[in-house]
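One structure below.
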Amino acid sequence: MTRHFFVCLVLLGWVGTTPTLRAETFPSKKLVIVVPALTGSSDVFARAMALRLAPALGQPVVVEQKPGAGTNIGNDFVAKSAPDGHTLLINGLPLVTNQALYAKLPYDTMRDLTPVIEVAEVPNVITVPASLPISTLRELVDLAKKEPDRFNYGTPGAGSSGHLSAELLSVKSGAKFTHVPYQGNAQATNDHLGGILQVGFINLPVGLQFVKAGRLKALAVTSSKRSPMLPDVPTVAEALNMPDYELTGWFGIMVPSKTPPDVVARLNLEIGKVLSDPSYIEIVKAAGGTVLGGSAAQFEARMRRDTLRLSEVIRITGAKAN
């Protein structure tokens, strides 16, 4: 009798068809891209993506900001969402550094979230106010070694790309810089322009306008290659003959763990098409970034690599969440 019942199920299409049905029915409702921070690069990238992704998926795609706790509120929200591909997260380095910065988190990035695709990377630029008599990164580093309490810098918080850029430079050069955490980029940038903060480790799109206006001097960029937006500014590796220095902020899309692989693959495919759209590429470029893309496996490999190396930087410097 059991055998006859199973045959009936097969004939009715109730057995062995779940993956096909899942692929055909996704998405079945509105998609949400969660931005776990206030306005910034991730918000710009997410909103431009949502506009282009909705027609491809045949469902509305909206962006929701869930800021707070160093992006942990938004990260945890997505980690605990239904694993059906309808709730996405866009975030960057905090995904791999918060585990080391916070004593206890309600989620584990690599256990509770699944990488989908890398979106873009944005380098930082190391700056000083125009009034400061420093012209090169070498001069700054040498002075910071001699006077370890003289130079401070501000960032949106521990674990941000600016903070990690500075800490990595400290570890590799021996220079000491004092970190001053802010609630966001705006006030930190104003205090840097006013000379209250002597050094900046600023996202390139934020600092670029002030460098071009002559209010800040750009000493180096933190990426492995020079930025086409500041072609005359060396990399840290060039300026200090330090070939193993590189710290670039990146952004990627994640979904809750246990999201079906075919749904992850569909999202990777459709978002990949968005990333190859010339109009989207221009938006990312205007924000000082470079479009990435690639496979989910490539994104996961980058996350694991940065988890290892940046957790070590955090351990050595003793950095903690604000």
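The values are calculated or read from the model by the stated rules, or taken from the named source; none is laboratory data. What you see is a predicted model; the values in this text were computed from it and never measured. Heads up, the Cβs are rebuilt from the backbone with ideal geometry, glycines too, and the neighbour counts pull from every protein chain shown. Just the protein is used for accessible areas: all its heavy atoms, side chains included, with ligands, DNA and RNA removed. Shrake-Rupley method; radii C 1.70, N 1.55, O 1.52, S 1.80 Å.
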Filter the stretch 155-190 for residues that are open to solvent by less than 20 Å² (accessible area, probe 1.4 Å) and over 18 Å from Val313 (Cα atoms) and give the result.
Ala188, Thr189
Is one or more of the residues making up the stretch 65-85 among the charged types (D, E, K, R), part of a loop (DSSP other than H, G, I, E, B), over 30 Å from Ile202 (Cα atoms) and in contact with a helix residue (DSSP H, G or I) (Cβ under 9 Å, 6 or more places away or on another chain)?
yes
Restricting attention to the stretch 245-297, which residues are surrounded by 15 or more Cβ atoms within 10 Å (Cβ to Cβ) and polar (S, T, N, Q)?
Thr248, Ser257, Thr259, Asn268, Thr290, Ser295
Report whether or not Ser223 is open to solvent by 10 Å² or more (accessible area, probe 1.4 Å), at pLDDT 90 or above and either in contact with a strand residue (DSSP E or B) (Cβ under 9 Å, 6 or more places away or on another chain) or at positive phi (or both).
yes
Of the residues that make up the stretch 98-113, is at least one farther than 30 Å from Lys320 by Cβ and open to solvent by 10 Å² or more (accessible area, probe 1.4 Å)?
no
I'm checking my understanding of the structure. Among residues of the stretch 294-320 that are of a type in the set (Asp, Glu) and more than 14 Å from Val264 (Cα to Cα), which one is nearest to the chain's Cα centre (by Cα)?
Asp306
Got a number for residues in the stretch 301-322 being buried (at least 16 other Cβ atoms within 10 Å of the Cβ) and of a type in the set (A, V, I, L, M)?
6
If we keep just the residues of the stretch 59-79 that are open to solvent by 40 Å² or more (accessible area, probe 1.4 Å) and among the β-branched types (Val, Ile, Thr), which is nearest to the chain's Cα centre (by Cα)?
Ile73
Show the residue pairs that are 6+ apart or on different chains and have beta-carbon atoms under 8 Å apart, the first residue being within the stretch 118-143 and modelled with pLDDT under 95, the second being open to solvent by 60 Å² or more (accessible area, probe 1.4 Å) and of a type in the set (S, T, N, Q).
Glu121/Thr290; Val122/Thr290
